[in-house]
1. Considering only the other residues whose Cβ falls under 12 Å of the Cβ of VAL62, what net charge follows from Lys and Arg at +1 and Asp and Glu at -1?
2. Any chance you could tell me what percent of the C-alpha pair distances in the chain go past 15 Å?
3. Can you tell me what share of the DSSP beta bridges in the chain is antiparallel? A percent to the nearest 5 is fine.
4. Amide H to amide H under 5 Å from ALA64: which residues, 5+ apart in sequence or cross-chain, H placed 1.01 Å off N in plane?
5. Could you tell me the center-to-center distance, by alpha carbons, between region 1-54 and region 55-76 in angstrom?
6. When only Cα pairs under 8 Å and 6 or more residues apart are kept, what is the percent relative contact order across the chain?
7. About the Cα centre of region 2-87, what is the dipole size in debye to 20, counting +1 per Lys and Arg Cβ and -1 per Asp and Glu Cβ, all else neutral?
Amino acid sequence: MKIDLFYARGCDKCAASRESLKVAAERVAPDLEWRELDVLENMDYAVDLGVLTLPAMAIDGVLAFPALPSVKQLVDAITRKCNTVARS
């Protein structure tokens with residue numbers, strides 16, 4: 001599983017929650033690939049996903065959160081994704 005967190009340099013909102021979200025995500029999915037992407041350096045990818053505001057998060061190349069989720073929201077989304085993959 002891959003999670004992309006889109007952020008902008010100097011964004012206090014982006015920086016404030018990044019670490020707690022990353023720690024929670026890695027606890028639920030230890031084999032997780034966590035990427036923090038500066039939107040200005042990854043503009044084409046962000047546009048392809050439909051990122052309109054920052055911070056935003058994608059799970060496996062699909063925009064899952066157009067705004068920063070809470071830890072619980074992220075953990076729930078990862079858990080659902082893991083359960084879906086396990087059933088396949």
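1. Numbers: positive: LYS2, LYS81; negative: ASP4, ASP48, ASP60.
Counting the neighbours of VAL62, the net charge comes to -1.
2. Working: 2071 of 3828 pairs.
Tail of the P(r) past 15 Å holds 54 percent of the pairs.
3. Details: 7 of 13 bridges.
Around 55 percent of the beta bridges assigned by DSSP in the chain are antiparallel ones.
4. The list, which skips near neighbours in sequence, is MET57, ALA58, ILE59.
5. So the separation of the two Cα centres works out to 8 Å.
6. Working: 113 pairs, mean separation 32.7, N = 88.
Averaging sequence separation for qualifying contacts and normalising by length gives 37 percent for the chain.
7. Values: 11 positive and 13 negative charges, 83 e Å.
Dipole about the Cα centre, nearest 20: 400 debye.
Every number in this text was worked out from the coordinates using simple rules, so none of it is lab data. Since this is a predicted model, take the numbers as computed values, not measurements. Counting neighbours? That spans all protein chains shown, and the Cβs are built from the backbone with ideal geometry, glycine included.
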